[in-house]
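Following: one structure in structure tokens, then a few remarks.
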Amino acid sequence: MDSADPPFHETYKALFNNAAKESTPPMAISTFEECELPLIDLSRLDKSPDESMECKAEIAKASREWGFFQVVNHGISREILERMRREQVKVFKQPFQEKVKEELLLNMSSGSYRWGSPRATCLRQLAWSEAFHVPLTDILGSDGFSNLSSTMEQFAATLSGLANRLAEILAENMGHSWSDYMRENCLLRSCYLRINRYPPCPMFPTNVFGLVPHTDSDFLTVLHQDDVGGLQLVRDGRWFAVNPKPDVLIVNIGDLFQAWSNGVYKSVVHRVATNPRVERFSTAYFLCPSDDTVIKSCGEPPVYRDFSFREYLQQVKEDVKNLGDKVGLPRFLL
């Protein structure tokens, strides 16, 4: 029977051989501390005015100080989350060669299925994972094209409401309205959904990333993960591991919100560690504007110059191609 895992060992054999010859390991992904992210009960938003204001203040504080927070009582049913996970596991358990064809079978854009790091020149740049990174234009109105695509559509539509509600709260905290901006620029069809699988990594598990350190190139990301763990983030120059909790969603600030807020909200570097024995699954919803949307810092004096989302994505693509890594917002500093 064909393996479900992508051919990491064969494709990146030279990188592993080079690492094995080195007298010292190239890095130490295993160096981190445990942390408890701010945990926010969103049911308080619908209670008394005082309690709602306090909840909103906690969301803004976590976005300033951590760039990450967890939410409970978020309004996303367990049934939707579990159905998404079942369909996700089902598609990833197919033989690798079938997954390569799956984007065509599901009517997805070319390149939606991704694995590894095609441009990696060292272990530090290798991502030991596979994913379907899907523009929602591919699945909206799928009319039951497949169980996976229809489930993804329902999942994304539900998380869209949550993401925009949180964005509205963060915008209000800055003295601005998000609803007008959202109606013009952040339509559901401009957003993305990414389903991830991180296979067990028996080779150099403490020296290979599941997902390399990065920031997200969006406004907000809403993540649903399983109970395996592996998500880690930087705070005060140190790496912290996020302990998974049942029925919790993780929210993080993206580059566009940091630029829009003039650096008030923090888009934080994060990564995923590998596991030598157990696979991990997660699903992320990315709140993105249309490509032509111009991001303007709302504070004075502005920290970043104005740029379009298309320009930002193109710069990221060029940096990854030429440097092997994303540079991100520093490219747009005034």
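The values are calculated or read from the model by the stated rules, or taken from the named source; none is laboratory data. These figures come from a predicted structure and were not determined experimentally. Counting neighbours? That spans all protein chains shown, and the Cβs are built from the backbone with ideal geometry, glycine included.
For every residue, the table says whether it meets (1) among the polar types (S, T, N, Q); (2) part of a loop (DSSP other than H, G, I, E, B); (3) touching a strand residue (DSSP E or B) at 6+ places or on another chain (Cβ under 6 Å); (4) surrounded by fewer than 16 Cβ atoms within 10 Å (Cβ to Cβ).
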residue: Arg114; (1), (2), (3), (4): no, no, yes, no
residue: Thr121; (1), (2), (3), (4): yes, yes, no, yes
residue: Phe155; (1), (2), (3), (4): no, no, no, no
residue: Asn164; (1), (2), (3), (4): yes, no, no, no
Going through region 208-240 in order, the residues found to be assigned to a loop (DSSP other than H, G, I, E, B), more than 11 Å from the chain's Cα centre (by Cα) and closer than 25 Å to Phe8 by Cβ are Val208, Asp226, Asp227, Val228, Gly229, Gly230
When region 241-259 is examined, which residues are found to be part of a loop (DSSP other than H, G, I, E, B) and farther than 27 Å from Glu79 by Cα?
Gly254
Go through region 99-112 residue by residue and tally those that are surrounded by fewer than 16 Cβ atoms within 10 Å (Cβ to Cβ) and either free of Cβ contacts under 8 Å to residues at least 24 places away in the same chain or assigned to a loop (DSSP other than H, G, I, E, B) (or both).
7
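Can you name the strands (runs of 3 or more DSSP E) wholly within region 21-97 that have at least 3 residues being modelled with pLDDT of 95 or more and either over 19 Å from the mean Cα position of the chain (by Cα) or surrounded by 14 or more Cβ atoms within 10 Å (Cβ to Cβ) (or both)? Explain how you work it out, then say what you get.
Values: elements: 33-35, 39-41, 68-72.
Fully inside region 21-97 and qualifying: 68-72.
Kindly indicate the residue of region 241-262 that is at pLDDT below 95 and over 15 Å from the mean Cα position of the chain (by Cα) and also nearest to Gly210 (Cα to Cα) among those meeting that condition. Explain how you work it out, then say what you get.
As a first pass, look at region 241-262 and keep what is at pLDDT below 95: 241-247.
Okay, now just the ones that are also over 15 Å from the mean Cα position of the chain (by Cα), so 241, 243-247.
Numbers: Ala241: 14, Asn243: 16, Pro244: 16, Lys245: 20, Pro246: 22, Asp247: 23 Å.
If we take residues in region 241-262 being at pLDDT below 95 and over 15 Å from the mean Cα position of the chain (by Cα), then Ala241 is nearest to Gly210 (Cα to Cα).
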When every residue in region 207-245 that is buried (at least 20 other Cβ atoms within 10 Å of the Cβ) and among the acidic types (Asp, Glu) is compared, the one farthest from Asn275 (Cα to Cα) is Asp218
Within region 292-314, tally of residues that are free of Cβ contacts under 8 Å to residues at least 60 places away in the same chain and under 11 Å from Asp255 (Cβ atoms)
4
Kindly indicate whether any position in region 178-189 is under 21 Å from the mean Cα position of the chain (by Cα), farther than 15 Å from Phe69 by Cα and of a type in the set (Asp, Glu).
no
Matching residues, region 296-334, being in contact with an Asp or Glu (Cβ under 7 Å, 6 or more places away or on another chain) and among the aliphatic types (A, V, I, L, M):
Val327, Leu329
Residues that are within 24 Å of Leu159 (Cα to Cα) and surrounded by fewer than 22 Cβ atoms within 10 Å (Cβ to Cβ): does region 314-332 have at least one?
no
